[in-house]
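Below is one structure, written out as structure tokens; the observations come after it.
Derivation of every value follows stated rules applied to the coordinates shown; laboratory data play no part. Bear in mind that the values here come from a model prediction, so they are computed numbers and not experimental data. Here the Cβ is made from the backbone with ideal geometry for all residues, glycine too, and neighbour counts use every protein chain on show.
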Amino acid sequence: MIRPLSEGDLPEAAALAAAAFREDPGFVHILPDDASRRRRLPSLFEAMLRVDALAGGTVSGAFEDGALIGLSSIIPAGVANPDLPDWIKHLPRLAWFLGEPAALLRALALIHAIEERRTKESDYLHLLAVHPATQGRGVGAALLNAAPKSLYLETFEERNAAWYEARGFRRIAEIRSTVRPAFWALRRG
């Protein structure tokens with residue numbers, strides 16, 4: 001079953017996203033130390049999901065036998081990227097960034113690289129995560145099927161780009177850099 005997530009669901013959704021993205025090159029770039037990623041990613045994802053919801057995004061969860069096993073966060077076409085005041089509201093969750101200024105700078109540079117390429121004509125699939133224990137069972141595809149037809153997204157994993165292509169997306173850009181991980185931009189519809 002796929003349904004919108006409530007505010008009370010967001011901590012669990014953030015923990016799921018943190019497990020799914022723990023080895024993602026983008027998050028490894030921000031937090032190179034695995035122990036730090038394990039500690040920090042849940043709070044980062046919870047802030048991301050809350051910012052998306054406040055921006056008018058739809059945060060949905062896929063459930064199996066009452067357990068959350070996947071989620072998506074989609075920001076509607078035309079909605080501006082969240083700015084600093086949107087994030088400051090979540091400072092208590094992200095205060096750890098103040099003690100890790102290098103991680104903050106890497107995150108800001110990565111966000112800038114992504115946001116300058118994001119198209120506003122399509123809904124934006126900001127996040128699609130499936131718990132590692134349930135990957136490969138069609139959960140991600142079901143979340144995509146429940147999403148609007150016209151979608152734009154980025155991924156830091158080329159294998160994920162191929163997975164999206166198999167589901168009707170086409171690559172529109174490959175962005176390489178010597179100072180951050182490569183990522184791929186894709187669009188459907």
- Query: Between the stretch 1-74 and the stretch 127-162, how many Å separate their Cα centres?
  - Reply: 13 Å
- Counting only DSSP loop positions in the stretch 107-170, the GluC sites (Glu not before Pro) whose Cβ has at most 16 other Cβ atoms within 10 Å are GLU116, GLU121
- Most fluctuating residue of SER150, SER73, SER36 in a GNM of the chain with Cα springs under 10 Å: which is it? SER36
- Message: What distance in nm lies between label points placed 7 Å from Cα along the C-beta direction at ALA141 and ALA80?
- Response: 4.0 nm
- Cα-centred dipole magnitude for the stretch 43-189, charges only on beta-carbon of K, R (+1) and D, E (-1), debye, nearest 20: 320 debye
- Message: Check which residues have an amide H placed less than 5 Å from GLU64's amide H, if you skip close sequence neighbours.
- Response: ILE69
- Query: For the stretch 41-55, in order, what is each residue's ³J(HN,Hα) by Karplus, 6.51 cos²θ - 1.76 cosθ + 1.60 with θ = phi - 60°, in whole Hz (x at glycine and Pro)?
  - Reply: 4, x, 5, 5, 5, 5, 4, 4, 5, 5, 5, 4, 5, 5, 7
- Message: Going by average Cβ density within 10 Å per residue, which order do the peptides 94-103, 169-178 take, highest to lowest?
- Response: 94-103, 169-178
- Item | Size-normalised alpha-carbon gyration radius of the chain, reference 2.2 N^0.38 Å | 0.96
- Going residue by residue through the stretch 163-168, the Karplus relation 6.51 cos²θ - 1.76 cosθ + 1.60 with θ = phi - 60° gives ³J(HN,Hα) values, rounded to whole Hz and with x marking Gly or Pro, of 4, 5, 4, 5, 10, x
- Note on the structure: Applied in sequence order to the stretch 146-158, the curve 6.51 cos²θ - 1.76 cosθ + 1.60 (Karplus, θ = phi - 60°) yields integer Hz couplings, x standing for Gly and Pro, of 7, 8, x, 5, 8, 9, 10, 7, 10, 9, 9, 10, 5
- Message: I need HIS131, HIS126 ordered by Cβ neighbour count within 10 Å, fewest first.
- Response: HIS131, HIS126
- Could you tally the net charge around ARG22, taking each other residue with its Cβ under 10 Å from the Cβ of ARG22, Lys/Arg +1 and Asp/Glu -1? -1
- Message: Net charge around GLU157, counting only other residues with Cβ within less than 11 Å of its Cβ (Lys, Arg = +1; Asp, Glu = -1)?
- Response: -3
